[in-house]
Amino acid sequence: MVVGVWWPGLGAEAWLIAFREARLRVLVTDPVDERLIRILESHGLEVDYRPGVAREELLKLVPGYDILVVRSRTKVDREVIEAGRRLRLIARAGVGLDNIDVEYAVKRGVTVVNAPGAAAQSVAELTIGLMIAAARLFKAHIVALEKGEWSKGRWRGVELAGKTLLVVGLGRIGLRVARMAKCLGMRVVGYDVVDAAAERAREAGVEFTRDLRGALREADVVTLHVPLTRDTYHMINRETLEEMKEGVIIVNTARGPVIDTRALLEYLEKGKVFAAALDVLEHEPPREEWEWRLVRHPRVIVTPHIGAETREARARVAEETAYAILEALGLR
Ligand code: NAD
């Protein structure tokens, strides 16, 4: 998906000719499937693969490149965009654009592309897996077993069939999760801010609401699938947790800061939240002592942001990103 395009002072055609004549230089700063590099190179682009490059090094390198390819680790803020004097395109090999200052990039005439649909199935499957794992307290039992303790009977989980699942954000991933959860016999309610989502819900046979607070009060399980924006930052917080049902389960495979995780830990420790499953955290990896307390909590299962870490999703992300770059350059 092309997010924004503007070529200051140069007609699009002249820009394309200039690009075709000069060999375009691409800097890749996060680990990507080799397919992405192969496709770009087979279209005449020169690719430098520097996964894990430190920020200081990135600031030194970026002035020499036309295209920057990142995943979620590399923060492409104003400073990086300004340092990239030659930059014409930033590609996010994945979905979320919260690590890129898109507004500033577009203002500077830099196109931003991503691969919006490529990981949806993998993330949805992980979400359902985490939801079941949380409901049945896998983590507590696995940890006990690893210590040599046969923990049967010590903790009892809950069934999902017949329970109400609130899907917050009924986009590509949320809608898939909603459909899968219906197959588990759950009552599924979707919440979203756009009209198109109401239509998507109707087609999928999912109830739709615009009343988030009311839906949070009714839900047995809440799963988050919204992008990280000013509106969704700490969308789940002390106030909303206070209003939720006793014994609620919370699943987050979207972005860590959508939940005030310190508040979540408090409500887990109080026993109001039955269990939580998180693929994303506010800091990845965790920094603070309380964050590690959350990770180690027996009723919390944490995976290290592996939503898109399947062979299939990585291959699709690589291809979708490479073709989005080529399309934005007019090379395809
Ligand atoms: P999407 O854009 O298809 O869907 C997001 C939905 O959220 C849209 O329908 C949008 O209208 C809705 N939304 C936006 N703001 C909202 C708000 N304030 N309240 C309610 N709804 C709101 O995105 P997607 O591909 O389904 O991705 C969803 C999330 O999953 C994103 O945060 C993305 O970064 C994350 N993600 C995580 C992983 C992972 O590895 N865990 C991988 C891919 C995507």
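For beta carbons closer than 9 Å, sequence separation of 6+ or different chains, a first residue in the stretch 291-320 that is not assigned by TED's automatic domain parsing to the domain that holds A277 and a second that is of a type in the set (K, R) and in a loop (DSSP other than H, G, I, E, B), the qualifying pairs are A308/R71; V317/R71. If you go through the stretch 200-218 and keep only what is open to solvent by less than 80 Å² (accessible area, probe 1.4 Å) and part of a helix (DSSP H, G or I), you end up with R200, A201, A204, L212, G214, A215, L216. Only a single criterion out of (1) without any contact (Cβ under 8 Å) to a residue 60 or more places away in the chain; (2) hydrophobic (A, V, I, L, M, F, W, C); (3) more than 15 Å from the ligand (Cβ to nearest atom) is not satisfied by A140, namely (1). Cβ-Cβ distances below 6 Å connect the following pairs, each with a first residue in the stretch 188-207 that is of a type in the set (D, E, K, R), a second residue that is outside any loop (DSSP other than H, G, I, E, B), and a separation of six or more residues or different chains: R200/L175; E207/V189.
As a summary of the residue check, T229 satisfies the conditions (1) crowded, with 17+ Cβ neighbours inside 10 Å; (2) within 18 Å of the chain's Cα centre (by Cα); (3) not small (G, A, S) except for the one numbered (1).
No other residue among V221, V158, V194, V248 is open to solvent by 40 Å² or more (accessible area, probe 1.4 Å) and more than 15 Å from the ligand (Cβ to nearest atom) apart from V158. Candidates in the stretch 287-311 are the residues that are among the charged types (D, E, K, R) and more than 13 Å from the ligand (Cβ to nearest atom); of these, the one that is nearest to the chain's Cα centre (by Cα) is R311. When the stretch 113-137 is limited to residues that are away from the ligand (no atom under 16 Å from the Cβ) and surrounded by fewer than 20 Cβ atoms within 10 Å (Cβ to Cβ), the one that is farthest from the chain's Cα centre (by Cα) turns out to be R136. Checked across the stretch 267-283, the condition of being over 27 Å from V158 (Cβ atoms) and assigned to a loop (DSSP other than H, G, I, E, B) holds for at least one residue. Starting from residues that are touching a helix residue (DSSP H, G or I) at 6+ places or on another chain (Cβ under 8 Å) and in a strand (DSSP E or B), keep the ones in the stretch 28-47 and report whichever is farthest from A83 (Cα to Cα). So, considering only residues that are touching a helix residue (DSSP H, G or I) at 6+ places or on another chain (Cβ under 8 Å) and in a strand (DSSP E or B), the one farthest from A83 (Cα to Cα) is V47.
The values are calculated or read from the model by the stated rules, or taken from the named source; none is laboratory data. This is a predicted model, so every value here is computed, not measured. Don't worry about glycine lacking a Cβ; one is built from the backbone with ideal geometry, like all the others, and counts go over all protein chains shown. The area values use the complete protein model at the heavy-atom level, side chains included, leaving out ligands, DNA and RNA. Shrake-Rupley method; radii C 1.70, N 1.55, O 1.52, S 1.80 Å.
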